[in-house]
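S.K.: One structure coming up, written as structure tokens, with questions to follow.
The numbers here are math on the coordinates, done by the rules we state, and not lab data. If you're wondering where the values come from, they're calculated on a predicted model, not measured in any experiment. Please note: Cβ atoms are built from the backbone with ideal geometry, for glycine as well, and neighbour counts cover all protein chains shown.
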Amino acid sequence: MVYRTTVMGKFHDTIPGILGTLPSYHLGSISLQKEVELRRDMLDSTKLKAVIKDKTNSQTHIFIIGESATRNHMGIYGYERDTTPRLSSLKNELVILDNVISSHVQTQASLRVALTAATGVDGDDYRESPSIIDIANIAGYKTFWISNQQPQRATIASISHQANVTHYISNDFNGVEVRRFDEYMLDSIKNAIEDPAPFKSIFIHMMGSHASYENRYPEAFDQFKDQQATGYKAVLDDREVDAINAYDNSILYSDYFVSKVISLLKQGNSESRRTLTYFSDHGEEVFQAADIKGHTPDNLTKNMLEIPFIVWASDRDSDDIAILNKNSHRPFMLDGLFSYALTMLNISSDMLSVERSPASNDFKAPLKRKVYKFTYEEAFPNNGQNIQRKLLESNI
């Protein structure tokens, strides 16, 4: 059995208070400062142009970044357990993209290309690539970054620190991750939605299903306790069943959280255009396709790559939503999020590649989505074959 853990997980989930943050803070603080300086230097030296194409009505756009959520454990995507009852009840209001994968199976590697104009394929450097927040700022949006993750993680923090308002709720808890639930962000999210700025772009970074799964949800969401979990072998042992149950509970709680944010957004200005996009940085393997719990490129499975991508909009008859519906079954990879977001934000910019946005009529679905040294299409020709052997042979 392969299990992935991290320095962050070791210390933050076991040592209370500020002591739990010291190891990662020490390792990350210097690189964070450097990353922030590099990004600011890039923005100062690059004359970027961006405008909001239509300012007739105010706009609020929310992007929720989930953590370690595979769509293959979500009822709304056909999973055998009803882990998404609230989102499923809103199904007629949603656009559900069902052929989306992440470009990497680690948060930093995935989001550094998802949130910036970098693709990670063409040799471009995310440090020299503007982010969605950068372009939104230039266009005239008031930007917010609200996070339940740690602020010391340099890549994401250097991007988030460009937002007009940045709130890491871990600072309110002295960094400790145990029992710090995503719903604690709701007050900050409500305040952002109610901010009087006419054009708002709000980024929310969840803890989601980050290990340890049992620490990601309140007791009321401890619903899956039975032995009915299914996995990579006919009979799972108690340890494996417990892990699947805890993971499914974390998905159930994420369903609650995302639906609560949608509810807050619905209460906003009825004359304002409002959208919400929920996706995950990468997926997770929990004894479903292999004897693995976690995510690692060394033992890659499809569950580590296949992620949810769900969109809600106040104006479901708008052109971009109609186009999204048309493209909802076509291949898409998270490295195209930058162009997708600019499309939804209704921004005109030289940085926008409309062919990479599934909300654009000019979208060109990628025929081969490169993941490490393979394409997803060749790695999983039968929609589910583990490629561990191929990866080892290629020595990635």
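S.K.: Highest first, please rank the peptides 354-364, 235-245 by the mean number of other Cβ atoms sitting within 10 Å of their residues.
M.R.: Values: 354-364: 18.9, 235-245: 16.3.
Going by the mean number of other Cβ atoms within 10 Å, highest first, we get 354-364, 235-245.
S.K.: May I pose another question? Round to the nearest 0.05 the FRET efficiency obtained for ARG127 and VAL165 when R0 = 22 Å and r is the Cβ-Cβ distance.
M.R.: 0.40
S.K.: Sticking with this one: Between the alpha-carbon centers of the stretch 168-235 and the stretch 34-68, tell me the distance in whole angstrom.
M.R.: So the separation of the two Cα centres works out to 24 Å.
S.K.: In vacuo Debye scattering of the stretch 143-231, one point per C-alpha: log10 I(q)/I(0) at q = 0.11 Å⁻¹?
M.R.: The calculated log intensity ratios at q = 0.11 Å⁻¹ are -0.38.
S.K.: Sorting ASP98, ASP298 on the 10 Å Cβ count, fewest up front, what's the list?
M.R.: If I rank by nearby Cβ atoms, fewest first, I get ASP298, ASP98.
S.K.: Calculated FRET efficiency, ASN269 and LEU43, Cβ-Cβ r, R0 30 Å, to nearest 0.05?
M.R.: 0.45
S.K.: How high is the relative contact order of the chain, given as a whole-number percent (alpha carbon pairs under 8 Å, six or more residues apart)?
M.R.: Computed value for the chain: 27 percent relative contact order.
S.K.: 7 Å from Cα along Cα→Cβ at both GLU80 and LYS368: what's the point-to-point distance in nm?
M.R.: 3.6 nm
S.K.: With a Förster radius of 41 Å, plug the Cβ-Cβ distance of SER318 and GLU219 into 1/(1 + (r/R0)^6) and report the FRET value to the nearest 0.05.
M.R.: 0.50
S.K.: Next question. Rounded, prolate or oblate: which fits the stretch 128-189 when a ≥ b ≥ c are the square roots of the eigenvalues of the alpha-carbon gyration tensor, with rounded for a/c under 1.5 and prolate only if a/b beats b/c?
M.R.: Since a/c reaches 1.5 but b/c is at least a/b, the shape of the stretch 128-189 is classed as oblate.
S.K.: Can you report the principal axis dimensions of the chain using only the alpha carbons, biggest first, rounded to whole angstrom?
M.R.: Per principal axis, max minus min of the Cα coordinates gives 59, 47, 44 Å.
S.K.: Shape verdict for the stretch 241-396, please, from the Cα gyration tensor: rounded (a/c under 1.5), prolate (a/b greater than b/c) or oblate.
M.R.: Working: a/c = 2.83, a/b = 1.40, b/c = 2.01.
Oblate, because a/c is 1.5 or more while a/b does not exceed b/c.
S.K.: What are the ³J(HN,Hα) values, in whole Hz, obtained from phi via the Karplus relation 6.51 cos²θ - 1.76 cosθ + 1.60 with θ = phi - 60°, for each residue of the stretch 126-140 in sequence order, with x given for Gly and Pro?
M.R.: 4, 5, 9, 10, x, 9, 4, 4, 4, 5, 4, 4, 4, 6, x
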